[in-house]
Each structure stands twice: as C-alpha cells, then as structure tokens.
Amino acid sequence: MNFVDFCESLPNEFLGLKVQLMCNSTPKLLGGVPLTIELVLISLLIGFLLALGLALMRISKNRFLNVISRSYVFYFRGTPLLVQIFLIYYGLAQFDFIKESFVWPFFREAYWCGILALTLNTAAYTAEIIRGGLQSVPYGQIESARAIGMSGILLYRRIILPIAFRQALPAYGNEMILMVKGTSLVSTITLMEITGIARYIIAKYWTPVEIFLVAGVIYLVINFLVTQIIKYAEIRFTPYLEHAKKTR
Amino acid sequence: MDSFILLRFGDTGWGDEMLRAAIVTILVSLSAMAIGLLVSVFATMSKLSSNGFIRSIGNTYTTVVRGIPELLVIYLLYFGANNAIMGVAKKLFGYNQYIELPVFLIAAIAVGIISGAYSTEVLRGAFLAVPKGQIEASKSVGMNKFLIFRRILIPQVMRYALPGLGNVWQLTLKDTALIMVTGLVEIMRQAHIASGSTYSPFTFYITAALLYLVLTTASSRVLNSAERWANKGVRRA
C-alpha cells in the first residue's frame, strides 16, 4: 500500500478535523525539514564560535572587551528574536548606502538575513552558557593542574574545557531546542521551512488548525530527537557518573 | 534627523502610537502571566500527583507546549479557538451564531498557555526543593494537609520559585512580540504598520527593540528587589 492509498483509507473527518488532508499534506510539510535543520545547524555552529569569543571577552580583564561582550548579550537577550530578524531583513533596506554597497546581495536574501539573525541571537545565549560552564570549573582543579606544570593552552585543553563542556551541556541542549523553535520565525520573512510551507498550504486550502497541528508534531519529533542526542552525549562524556547513579 | 520627526508625539509622528502599543504589550504580558500562573498551579498539582493518568496529563502539557514553536501555538489558538468555542456552543446549547473572541483575549490565552508550561516546571522544582523533613515535622505537630500547604509549602515555594518565575516573565514579555500575527496592535504590530506607511523600517524596528530593552531592564530591576524582599528572612553565611 503506498502513502496516497493509506491516506484515503483514513476517515475523512475525525473530531471535526480533516484527517485525510492532514495525512496528505504531511510529505509536503516534511519537505521543510531539511531547511529547518540547515538553518539550525549553520546558526548553531557559527553562533558557537562567536559565543566562545564573547565568553572569553566577558571573563577577560580588559574592560573594553568586557563592555562590548556585556552590551552584546544585553541587547540580544533583552529583545525578541522577531525584532532582530525584522531589523536585519526589513530595517537595513532603509539605508541607501547599504543598498549601494557590496553587502547588499547578501542582505537582500531572506535566507542570509535569517541565518544572520539566528546566529547573532544564539551567540548571545550560548556565550552566557559557556561563561557559566567556565566559571563552574572548581578552582582546586586549576590550581592542581598549575601545580604539576600545566599552563596556557594545555590547561584549557586538558582541564578547563572538558569540565566546562560537561557542565554546560544540559543548558546547551535547551538552547538547541530554542533554536529549532526559533527557526519557525523566519517564515515571517518568506523562508519556506516547516512553518513557511504550512502557511503556504493553509493559504491554498484554508485549513489552519489541521496543518499547524501536523507541523507541531513534526517540531515535536525533531525536538525529541535533539533531547535524545543531548542525553546520549551527557552519558557519553561522563560515563562514570552514570555508573554511580546505578550503583547508588 | 528624519527619524526623530517620525517619532514625534501627536498627529504628525508615531511616538504616541508606539508608547500606546507598549502599554498594550505590558497588558498582554501581565494577563498572559496571570493566566499562565493559574494554569501552572493546576499543571504542577497534576505533575506531582500520585495518580499515573493525572500525572501524564501534566507531563504532556509541558512537553508539547515547550516542544513546539511559540508561533505555532499562537497560530493554532488564533485560528482554532473561535471554531472550537463555536463547536462547543453548538453541541451544548444549540447556539448557531458566529462567535468571535476578542483578539486581546486570544493573544493573552495563547501566550498564557506558553508561559504556563514554563511556570509549571519552575513551580514543580520549587515544590520539590522544600525539604521533606519540614513536611514530616509539620505532620508530627498535627497540621492537616491544607494547613501544611498554607503555612509550610506556599511561603517557601514562593521564595524558591521567584527567580525562575522572573525568567518566565522575561520570556513572556518577549513572546508577546509574536502576537503581531494576530493583528493585535502591540509594539511589533505598531512598528510594522508605521514602517509600512513611512518606508522607514529601521527607525521603527529599532524603536521597538529599545522599548523591549526598557521593559526587560525595568522588570529585571523590579524582580531583583522582589527577590531581595523575599529573601530578607534568610540567614546568609
């Protein structure tokens, strides 16, 4: 039995919802998954690198760097993501000098504006997560590493980063889920990811509740997978803690 | 500067409209937070229930609402709420007329349902943070369930939950930006309208961003002093 036959075998209506239509539109909505995941992965990756820099600036003793990092985080955490997206996509077009410059082909595309907004946004939240992780490293560990002669990069690579990474992992998992949800906002600037496609189908058939429900289920599945990956990573990086849990 | 002319108060500028929109944002956030707290009290009770079925209702609520994008929750309620209510009215009362809920109400309920899911997690954590020994002790001096709730649990849960609820408030405030899709004229919608008719999107969206910054900064001030107030009886090392 192929998928179309399967959909037709379902009742036409259930609880007032057009079930066949929901079934039929599932493949179309799934067509938005690659773009959603692409947006999430690219912005998480670049955002993480940016966040690393911001976190190091934040804990550095240089007051100038400190203030820059602080204001960056303050702005991006204090305003809604939607404003940030609109400011980049619609806002920058107000200035002729941007429209005439070489960056315009970049800012003209909703895709790049979406990625830029998501990246800048996640960088601010991730910077705080990394800072929290770095500051959670017990001072005794650093002291003892110094005592046996580690310093600089070696100290970071062998002691600070692994501990900080493990500490920050659960919070970073939450941030990943926030990003998956955040990508739905770029549908407002014409990008055809899951929510964008949902809106397109709804404009055609006018069945908003059915289609948004299917889209919601798809997001739930993606986020479920993300939580499983994080859970796996947590066990993978601290297997001895899992052992301790079991024997307790 | 052209931008400042655009933001003037009165009939010639958009300043007063933006401020009025900010008040709408505050009102929606407050209503949503109140609705969310109400929902979260019940959801927390259900999540901490010893009955597996009741527990699964609370768990499903928090998992689903925190797992799907806020924008979808708002769309679903915006398009679904009127139909659902009309369906119920038809079934129960045979009422066949068209019913339309006010947009403000739908927006507040939608954001309230979202903020309720996060508040539930905060409240649950706060309840579990109350040491078990205290509840045992209050039982042993003869308090009944209600009295324990009122005298032992509530005062401490409120203190434990305050920082978390503060975070939920900030989230709620920012989530109200999404209700622009319902057409309710809050900060984002107003900025959208204004930039559409003046061709100055940057001016208005940056104004919107600044308004949100003012709101989040002001609320974090208030929340900090609320936390200080709630913790004034706590001994610190």
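The values are calculated or read from the model by the stated rules, or taken from the named source; none is laboratory data. Note that this is a predicted model, so its numbers are computed, not measured. Using ideal geometry, Cβ is built from the backbone for each residue, glycine included, and neighbour counts are taken over all protein chains shown.
Laid out as a table, the results:
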| quantity | calculated |
| --- | --- |
| Filter pass, A:Tyr219 being more than 9 Å from chain B (Cβ to nearest Cβ), out of contact with any strand residue (DSSP E or B) (no Cβ under 6 Å at 6 or more places or on another chain) and either assigned to a helix (DSSP H, G or I) or under 17 Å from A:Leu35 (Cα atoms) (or both) | no |
| Where a residue in the stretch B:130-156 is surrounded by 15 or more Cβ atoms within 10 Å (Cβ to Cβ) and its partner, wherever it lies, is among the aromatic types (Phe, Trp, Tyr), with Cβ under 8 Å and at least six apart | B:Val130/B:Tyr160; B:Leu153/B:Phe127 |
| Odd one out for B:Lys47 among (1) surrounded by 15 or more Cβ atoms within 10 Å (Cβ to Cβ); (2) under 26 Å from A:Gly16 (Cα atoms) | (2) |
| Count - residues of the stretch B:194-228 that are away from chain A (no Cβ under 11 Å) and touching a residue at least 40 places away in the same chain (Cβ under 8 Å) | 4 |
| Residue in the stretch B:147-161 that is within 14 Å of chain A (Cβ to nearest Cβ), closer than 17 Å to B:Leu38 by Cα and modelled with pLDDT under 95 present | no |
| Every residue from the stretch B:162-192 that is of a type in the set (A, V, I, L, M, F, W, C), more than 12 Å from chain A (Cβ to nearest Cβ) and under 17 Å from the mean Cα position of the chain (by Cα) | B:Leu162, B:Leu165, B:Val168, B:Trp169, B:Leu184 |
| Residue in the stretch A:89-96 that is touching a helix residue (DSSP H, G or I) at 6+ places or on another chain (Cβ under 7 Å) and either β-branched (Val, Ile, Thr) or more than 8 Å from every other protein chain (Cβ to nearest Cβ) (or both) present | yes |
| Residue check, A:Ile177 outside any loop (DSSP other than H, G, I, E, B), closer than 21 Å to A:Leu225 by Cα, in contact (Cβ under 8 Å) with a residue 40 or more places away in the chain and under 19 Å from the mean Cα position of the chain (by Cα) | yes |
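Table: residues versus (1) part of a loop (DSSP other than H, G, I, E, B); (2) under 30 Å from A:Leu161 (Cα atoms).
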| site | (1), (2) |
| --- | --- |
| A:Leu92 | no, no |
| A:Ile98 | no, no |
| A:Phe102 | yes, no |
| A:Phe107 | no, no |
| A:Leu118 | no, yes |
| A:Glu128 | no, yes |
| A:Leu134 | no, yes |
